[in-house]
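Just so it is clear, none of the values below were taken in a lab; they were calculated from the coordinates. Only a predicted model underlies this, so the values are computations on that prediction, with no experimental measurement involved. Cβ placement follows ideal geometry from the backbone for every residue including glycine, while neighbour counts extend to all protein chains displayed.
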């Protein structure tokens, strides 16, 4: 990697100041940035290590929502009694991210801020209709994910926590890329306050909602209901591991499995 | 109290001695060696598959912090550095030699694959060397690339080498075509099959590394390198590349973390660090990162074949015709030309009595990484072809696939058996390994398991492969007549120390095989010295006599045999010393497991009594016998060895996603006499893991421009534990008849026997979809395409 300055602020305010430098990068678990640095694909002037900011940690229930600090590691979400009781699908999703080492280092905020199309968490955030808390505002999930590796976050804006409404039902299923084991196609389904949301990750350049499946499930919450919904391959990803058509097909399969998991 | 020592000889599962240091992180690998004043090299590599080098500007790089030197191919040429040599010459059908274009250490006029070395930056730290390498300005004129073999063979294709017109390295054949054609003309049935043997990237756990040193006082060079055969590297690099006398060049291969063939070859980086160390009179180290490994370690396999089998009305094979294209990559790696010829076509008889065989092989240059031997080397390609062909033939003749194989097996009483493709098999019992595997896998009960799986919505299939390989490489005179530029004997020295412990020097090299245990067991068995008192020295040309290294499952069959011969000499000398000490006739001395006895008496001397006498020769037949107790033997095998057996794979396919899951794997292998059953089981399991990797997961993909798409673990699917199945490994032994141990070799059988078993199982699972050809790897998307296409066909 190239040389860079290293900062470890203790507060969100200090971190925001350091990130005013457009060439500075925030780091949390480091599972995306560190490999990029090692491959010299990224040359930040400074790396701002958020791990010392206590206010960005922890899991708590607030009313009818679970609020999870951005620095919370995947393993903590996966094993949290609070999350398991309120949104078991979210704990399940976290327990299946990467491998043990990834789950012990990677964080919710890091994953969601990065918005890798093949990451797991964006599907839960969009599927549950979560609210993103940042250093300056709250952003609805529908407005947050804007494209491949692109979010509504501004350069000096830090994702501090995510507020997940507690659903009546939710489920997640994914097909892993055989090589990387990232998501090749995943579906998160949730019924929250009577409204159905279906979020698809892995298959396209950015996590997206599957409106036809949402309509079908709103009328009839069952795997059969989505069986008749055809996911278009237009705009989906194709690579050496699978075509867009294959991914479109997998969206249907994973939707059925997610519904089955949700019960 | 006198407790009997546990048996540690031949047949005992002695725990691996080397694991104590490996498990404690105390192994000493090439990158662990650091020298005072050491510099670091970073290689500038081509980002293009094919380009003319119009200029290399090192001026900015040379001025960067910490940089000591930046060298180019022109600098090496000024020093008369030679090209990387090829160790095997194949001849064309017309008798002319193969095209053998130069392979410069650093590219001079042209780069020919992504990753081709162009320059080297040498600096005080690795980071500084890398910074400088990035600052080297190479002016490339990008040329169209010949990436696939198809494209490379087309008229007007871009030429990889001027000296290889049409990108053809050689056009070789074996067998009498007219005789084979006649057999086909009389056949009741001809079965045809097209196959691809997918290109693999070896991915040893330890990336390659090299540390060059030069002593200006003595003029001695030392190279530490990740090699399977340090003497071969010393010979090739000393004689062909750097022109250093072998007496002035020491090559050390310390602990090496896996090779699978990829660390046999002499690579550019070894010459670069050794030469640079001499130029700069400072140690120079290079260590590959994983990205470099993908684009600079020799790849494996990469065949495209058309094959035809002629059968009579009873399903007996009448003849086999094979036409193969084999990818050489951009340059000839050390042993590349022999892989698709003498390690491949000679195996096409397999375990069958096919009376006549013809095979032609075109080797093709492409703008890709060089391709060379990878675990099994040629034999997996032959086995995959044959065993897929067996299943297609069974399908098309309506003869049960097991019965068809059985009907054509070489009978158990037919050994020695001369095949029509040069090899003479010494021993085997293919019916026995088949029967044992059928039983162990409950082949007969499979249909019930298929039905049960169907209830769960899964497609279950079972597949079989009855394979054979040739290893214990190799009789020197035979391979010499076939174009090898090396002998393939092995050396062993047994040094019995004065107080009775033993050091074994061997030319074989262990990079995972467990030699430090298995070889000790030979000594324990033969000389009665406890394993704890035997040490193995290998991998250092300054310590070990000239040996040929480890590949082709040869270490025990060839290296172990050399040790046995050396121990015979120790015993013979020991008997003479014992006879003197016990005042008996030497012919009356018997030796068994460490004890010399005067036959029919209770007069004995232990080995330690003999060794003491040999090194402190106060009471010694000094007039007729030299002091000391150390013997060296070179063993040149009389023949290859022929392990074989039966592999049975069972898979389940999820029809919704196309994902193939291994659910069971049974291997029954005849590896000859087993020295350490635990190590054999581990070797076979590892080979099967690689075979399953090839069958279901791994494949090297280039795009049309020659960029490596599967250039990292993100896109190249290495097998993980959960990709594998419970593997049951058993052995059925027939002894090799021509080496003193009766051993055949176990390093490659897993990777050779398993891929067709797995693919045959997948095809069996898909039997309702009319699958005839299925190229590896059977990825989920590929299988889904078949299932999806099948459904469409059914609907139409």
Next item on the list: Just subtract the alpha-carbon distance of residue A:140 and residue A:84 from 0.36 nm times their residue separation and send over the number in nm, one decimal.
Entry: 17.8 nm
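Give, in nm to one decimal, the length gained when the segment between residue B:703 and residue B:134 is fully stretched (0.36 nm per residue of separation minus the Cα-Cα distance).
On the way: separation 569, 0.36 × 569 = 204.84 nm, distance 2.45 nm.
Value of the extension gain: 202.4 nm.
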Item checked: Relative contact order (percent, whole number), segment B:578-663, Cα cutoff 8 Å, 6+ residue spacing -> 15 percent
Note to self: Once you place label points 7 Å from the Cα toward the Cβ at residue B:590 and residue B:176, how far apart are they in nm?
What the structure shows: 5.4 nm
Notebook entry, point to check: Could you state the number of Å between the C-alpha centres of segment B:292-353 and segment B:733-754?
Noted result: 21 Å
Next item on the list: Calculate how steeply helix A:244-262 sits against the longest principal axis of the alpha-carbon atoms of chain A, using the helix alpha-carbon long axis, and give the answer as 0 to 90 degrees to the nearest 10.
Entry: 80 degrees
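What ranking do B:306, A:133 get, fewest neighbouring Cβ atoms within 10 angstrom at the top?
Taking fewest neighbouring Cβ atoms as first place, the list is B:306, A:133.
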Margin query: Starting from the 7 Å offset along Cα-to-Cβ, what nm value, one decimal, do you get for the label separation of residue B:13 and residue B:449?
Written below: 2.2 nm
Next item on the list: Could you calculate the FRET efficiency of residue B:678 with residue B:21 from 1/(1 + (r/R0)^6), where r is the beta carbon distance between them and R0 is 22 Å, rounded to 0.05?
Entry: 0.75
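Subtracting the Cα-Cα distance from 0.36 nm times the residue separation, let me have the gained length for residue A:211 to residue A:4 in nm, one decimal. Write down the numbers at each step before the final one.
Working: separation 207, 0.36 × 207 = 74.52 nm, distance 4.43 nm.
Here the answer is 70.1 nm.
In peptide B:717-724, what is the residue-averaged number of other protein chain Cβ atoms found within 10 Å of each Cβ?
Counting Cβ atoms of other protein chains within 10 Å of each residue's Cβ and averaging gives 2.
Compute the FRET efficiency between residue B:414 and residue B:773 as 1/(1 + (r/R0)^6), taking r as their Cβ-Cβ distance and R0 = 22 Å, and round to the nearest 0.05. List each step's numbers first, then the result.
Details: r = 33 Å, r/R0 = 1.48.
So, using R0 = 22 Å, E works out to roughly 0.10.
Can you tell me the FRET efficiency between residue B:62 and residue B:532 if r is taken as the Cβ-Cβ distance and R0 is 56 Å, rounded to the nearest 0.05? Don't skip to the answer; put the middle values down first.
Values: r = 54 Å, r/R0 = 0.97.
That pair, residue B:62 with residue B:532, gives E of 0.55.
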Check: From the Cα gyration tensor of the protein assembly as shown, with a ≥ b ≥ c the square roots of its eigenvalues, which class applies: rounded if a/c is under 1.5, or else prolate if a/b is larger than b/c, or else oblate?
Finding: prolate
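Is the shape of segment B:492-548 best called rounded, prolate or oblate, per the rule: a/c under 1.5 gives rounded, else a/b larger than b/c gives prolate, else oblate, with a ≥ b ≥ c the square roots of the Cα gyration tensor eigenvalues? Before the final figure, lay out each step's value.
Values: a/c = 2.27, a/b = 1.37, b/c = 1.66.
Oblate, because a/c is 1.5 or more while a/b does not exceed b/c.
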Check: So for the pair residue A:51, residue B:162, with labels modelled 7 Å out along Cα→Cβ, what separation do we get in nm?
Finding: 5.7 nm
Item checked: Value of [θ]222 nm, deg cm²/dmol, for chain B, DSSP H segments ≥ 4, -39500 (n - 2.57) each, nearest 500 -> -8000 deg cm²/dmol
Check: In whole Å, what is the distance between the alpha-carbon centres of segment A:139-200 and segment A:1-34?
Finding: 24 Å
Margin query: Given the -39500 (n - 2.57) contribution per DSSP H run of 4+ residues, what per-residue ellipticity at 222 nm results for chain A, rounded to the nearest 500 deg cm²/dmol?
Written below: -9000 deg cm²/dmol
Checklist line | Alpha-carbon centroids, segment B:537-607 and segment B:458-504: separation in whole Å | finding: 21 Å
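Kindly rank B:764-775, B:215-226 from highest to lowest mean number of other beta carbons found within 10 Å of each residue. Write down the numbers at each step before the final one.
Numbers: B:764-775: 16.5, B:215-226: 18.6.
Going by the mean number of other Cβ atoms within 10 Å, highest first, we get B:215-226, B:764-775.
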Margin query: Taking 8 Å as the Cα distance limit and 6 or more residues as the minimum spacing, I'd like the relative contact order of segment A:169-262 as a percentage.
Written below: 34 percent
Item checked: Shape category assigned to segment A:1-48 from the gyration tensor of Cα positions, a/c cut at 1.5 -> prolate
